[in-house]
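The values are calculated or read from the model by the stated rules, or taken from the named source; none is laboratory data. Since we're looking at a predicted model, the values are computed, not measured. Neighbour counts are summed over all protein chains in view; Cβ atoms, including those assigned to glycine, are modelled from backbone coordinates with ideal geometry.
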Amino acid sequence: MTTQAELDALLAEVRACTVCAPSLPLGPRPVLRGHLSARLMIISQAPGTRVHETGLSFNDRSGDVLRGWLGLDRATFYDEARIAILPIGFCYPGRDKGGGDLPPRKECAPLWQARVGEAYPNVALRILAGSYAINWHLRGRTGPTMAATVRAWRDYLPEFLPLPHPSWRNVFWLRQNPWFEAELVPELRARVRALVAPEEDSPPRHQGTQKAKGDDGDRRG
């Protein structure tokens, strides 16, 4: 059983990682969060430029959308005692020639996902936000497309719940798939509500070692 001291040591090791440093345009700054007591884990993509600068995930439009889907206010969403956030890639990977964000660095997930994920023994549900998280954690079990996998969300419960990334770029997809908000979102909120206790019943809030005030950018998590 992992102790909080062991988890803190592991997170410090992650935050000191420089494996991808030569390929990172802004240099390494691994960003992840979560106390040992967290029962919900959000697995997302990779930081954008603003999270690289500030260290806080989903403090943007995509975060507003995600919190809406989850039915959580900001205080609860950022309470590390209840929710852990673990990107597939911990550092900002840079931009492609078209100006979009590059995929998470391929070195990161094989090195850290299992080690860090297994260090959270109390997590009962892992929300997979976006295709990179879905493809990594559900490899060999996914549908032919991200949409097909999300449509089959019941098949992955109770351990995983796949979601599209809550980017403004997915607005058209949401309009074309009304079942998402009609069927999946209510179930998502019910499961999150069951795992994330009310403020008065939750453990003391753990702010972690990484202070931040910014966001992941509009697309990244």
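Some notes on this structure:
- Of the numbered criteria (1) within 16 Å of the chain's Cα centre (by Cα); (2) of a type in the set (Asp, Glu); (3) assigned to a helix (DSSP H, G or I); (4) more than 19 Å from Pro162 (Cα to Cα), the one Glu13 fails is (1).
- Residues that are in contact with a helix residue (DSSP H, G or I) (Cβ under 8 Å, 6 or more places away or on another chain), within 22 Å of Leu36 (Cα to Cα), of a type in the set (A, V, I, L, M) and surrounded by 24 or more Cβ atoms within 10 Å (Cβ to Cβ) do not occur anywhere in region 100-117.
- Region 9-50, subset within 21 Å of Leu72 (Cβ to Cβ) and aliphatic (A, V, I, L, M), residue modelled with the lowest pLDDT: Val31
- Filter result (hydroxyl-bearing (Ser, Thr, Tyr) and more than 23 Å from Ala124 (Cβ to Cβ)) within region 1-48: Thr18, Ser23
- With a requirement of 3 or more residues that are modelled with pLDDT under 95 and closer than 30 Å to Pro25 by Cα, the helices (runs of 4 or more DSSP H) lying completely within region 57-169 that satisfy it span 61-70.
- Exactly one residue out of Glu53, Glu6 is of a type in the set (Asp, Glu), at pLDDT below 95 and over 19 Å from Trp168 (Cβ atoms): that is Glu53.
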